């Protein structure tokens, strides 16, 4: 049997199993807006952990982490720097957000801003910024899905049909089962991702070097500069590392989809316990680094570093295993993409259209509009991913810096009585403007600092100054 | 090199494993306080 047929069969079985779980989770349940978006606020510890892990560990874990280790070297360590810190931030913020969400029946991040600052234009602006910055993240998942299936099928499936099939499945189970379907698909996705990362991350160094220690010893001899800052880059030094770790640690849970996931928990204690156990999942990250670092010695000169992990697997393991990795990778793109589509559609319908354009909309009409928007967003993301350019990565970096600008409004909104609506509004506008300006003029990093971090400093200064006026 | 890893890798991976322990300590301290404030009414704004 041809290798591509074997690999393709494994990918198809895994994606079909994921789709079945996604559809089945929504059967026998009345899918009103509350159930569709926040699962009736009834998710326990395990489902919240799976949902959060499903959203945190995306195609970036699968391709990006090993790709950065391969192409950039030591700067990739910023991921290990921010991950423990972001869970500490989530420990103190998400339970508070949940308490507000339960009290006021909130469903989205923009709802939080509406209730806390009592201004529909601020809420609509937060929703708009959220949707705008989710789109490139969605594009990244799509592009990653296409790359994974194309390589894992030995080129039998081109990336464009892979993206179309994958995302039509995602849109279908998001429409049918909402956030509950996504959480249950995460069960399969997380099991496969954990197995793949642990097995490949340990096996590759052992097969080629006799262990992880000997692999690093060989790397130190061959490329000593690769393992210390700035690695293979010229401008990602220590100040970039510190500023990026701080930005992402405080900004990570500002992605709108994490607010929806938090509201789905059945208690604030669930979120606290989740923050305690989530760092264990991060152990997959260094394992992905090991594969990327091994590839720098085994497969030098790859045109696209993001393919280093898949290329190593294809070179090292039999076709069925590559198919297994390909299927896991496809689900790793589909699960977070599902949450992003659901969140962006809800923000558009509930926080932009209803308050600004059609104030008389009922919850049923909002749900209907959100479900229609699911299809529009899916098609828009597909179109842009198929015709995407290399600027996609810079768009993603804009995304991270962009949503990070919500942090002052959220944290001061929770812990300070002196912060005001005009202060937060002015702060977000300033932060987003400074960040986008620095990105577009290619001043990231600026004076060695991450542009998003600089924008966040401006944001905090403006929030403080305007609130105290 | 520590345990076969460059020191920067060793240090950061150690904190991946130590963070849940520290967070568990924080949880033990925070959970009783949180349930007290919850009983008093809770909910920030």
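Computed quantities for the displayed model
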item	result
Flag for residue A:101 being more than 18 Å from residue A:37 (Cα to Cα) and either away from chain B (no Cβ under 14 Å) or assigned to a helix (DSSP H, G or I) (or both)	no
Candidate set from the stretch A:249-277 (those that are closer than 13 Å to residue A:452 by Cα and away from chain B (no Cβ under 14 Å)); member that is nearest to the chain's Cα centre (by Cα)	A:252
Test: residue A:231 is in a loop (DSSP other than H, G, I, E, B), within 13 Å of chain B (Cβ to nearest Cβ) and crowded, with 21+ Cβ neighbours inside 10 Å	yes
Residues of the stretch A:417-446 classified as surrounded by fewer than 19 Cβ atoms within 10 Å (Cβ to Cβ), touching a residue at least 24 places away in the same chain (Cβ under 8 Å) and more than 24 Å from the chain's Cα centre (by Cα), total	5
Residue pairs meeting the criteria (Cβ under 9 Å; at least 6 apart or on separate chains; first facing another protein chain (nearest Cβ under 7 Å), in the stretch B:2-15; second assigned to a loop (DSSP other than H, G, I, E, B))	B:4/A:211; B:6/A:228; B:8/A:228; B:8/A:229; B:13/A:283
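Only the coordinates and a few stated rules stand behind these numbers; no lab work does. Source: prediction; values computed, not measured. Heads up, the Cβs are rebuilt from the backbone with ideal geometry, glycines too, and the neighbour counts pull from every protein chain shown.
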